[in-house]
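Peer 1: Structure incoming, see below.
Just so it is clear, none of the values below were taken in a lab; they were calculated from the coordinates. Keep in mind the model is a prediction, meaning the values are calculated, not measured. Please note: Cβ atoms are built from the backbone with ideal geometry, for glycine as well, and neighbour counts cover all protein chains shown.
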Amino acid sequence: MNHTFEDKFAIIRESFKAGGADFLDVSGSLRVDFKSGHEVYIYGETYDNAITARFETKENDPEKRRQEAEKLREVIVREIVFADISQFQEAQSFNKRFVYKARVDIDESVFFHETIVIGDSKTDHSDFFVVQEEEQERLSDLFEPETQETDALSVVEKAVAQLETVDAKMLRQSLDMMNLKRSSNVRIALNRIFRSAADAEELKLAIQSEASKLTSQNDLEDLRIIKTIHTDGFLEPVISLLHEEVFAKQSGS
């Protein structure tokens, strides 16, 4: 039996709950804050159902970056002892920031009548996370998609109300704080949506239009990251709606 991304992600989430790192769980993505000062994002890749760990560094020296990546991987391995985590590889660089990614694979055998000890040897081993066959239905229920029938319009109306309080300068400052490059397609899309926020219907159409243009892996990653880290503020409803529309198109393509 092949288990879903949600099943595997549930185990990763429980591992960090039992460990020493602080984390934020938002819409199927984790931002893990380690004591070393690193922030690692763990999320699913839509195109192949894989789980990716991602971090950024401003270190210019390639050798120091390599050492940094190795040490961070060792920390994550201790947190998720039953996962196979690849070496971090440099994925891209921009604005003097270097992005590294690693793949996180969960052994299928952990789902079958096994007791998984969460944490490393320093963790209190009285904390267990048991995933057995009878638990699969419960896990599936936890990740049933929420109905959007009655809430969709109210979310759009909330987004319009939020944007009515904002001017172009506030928008630019907020986008700068998200570390979105001026050339980022996601940033361009948010600017266009902002200019089309006259009413709920126009905003909805603008989001649908811009979502159809965000197709590259860089676009999807930028959108996924800002959805994870931008959990409040006037752009949160728009980001959520755009994220939902983009990934709905991806899953349907």
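Peer 1: Count charges around residue 100 for me, please; just the other residues with Cβ under 9 Å from its Cβ, Lys/Arg as +1, Asp/Glu as -1.
Peer 2: 0
Peer 1: Over 31 Å between Cα atoms: which of 71/96; 8/204; 169/213; 169/227; 17/213; 101/158 fall into that group?
Peer 2: 8/204; 17/213; 101/158
Peer 1: Give a residue-ordered list of calculated ³J(HN,Hα) values for segment 71-82 (Karplus: 6.51 cos²θ - 1.76 cosθ + 1.60, θ = phi - 60°; whole Hz; x for Gly, Pro).
Peer 2: Per residue, the Karplus-derived 3J(HN,Hα) values read 5, 5, 4, 4, 5, 5, 4, 5, 6, 10, 5, 9 Hz.
Peer 1: Taking amide H positions as placed in the peptide plane 1.01 Å from N, state which residues far from residue 51 in sequence (5 or more) or on other chains have amide H under 5 Å from it.
Peer 2: 45, 104
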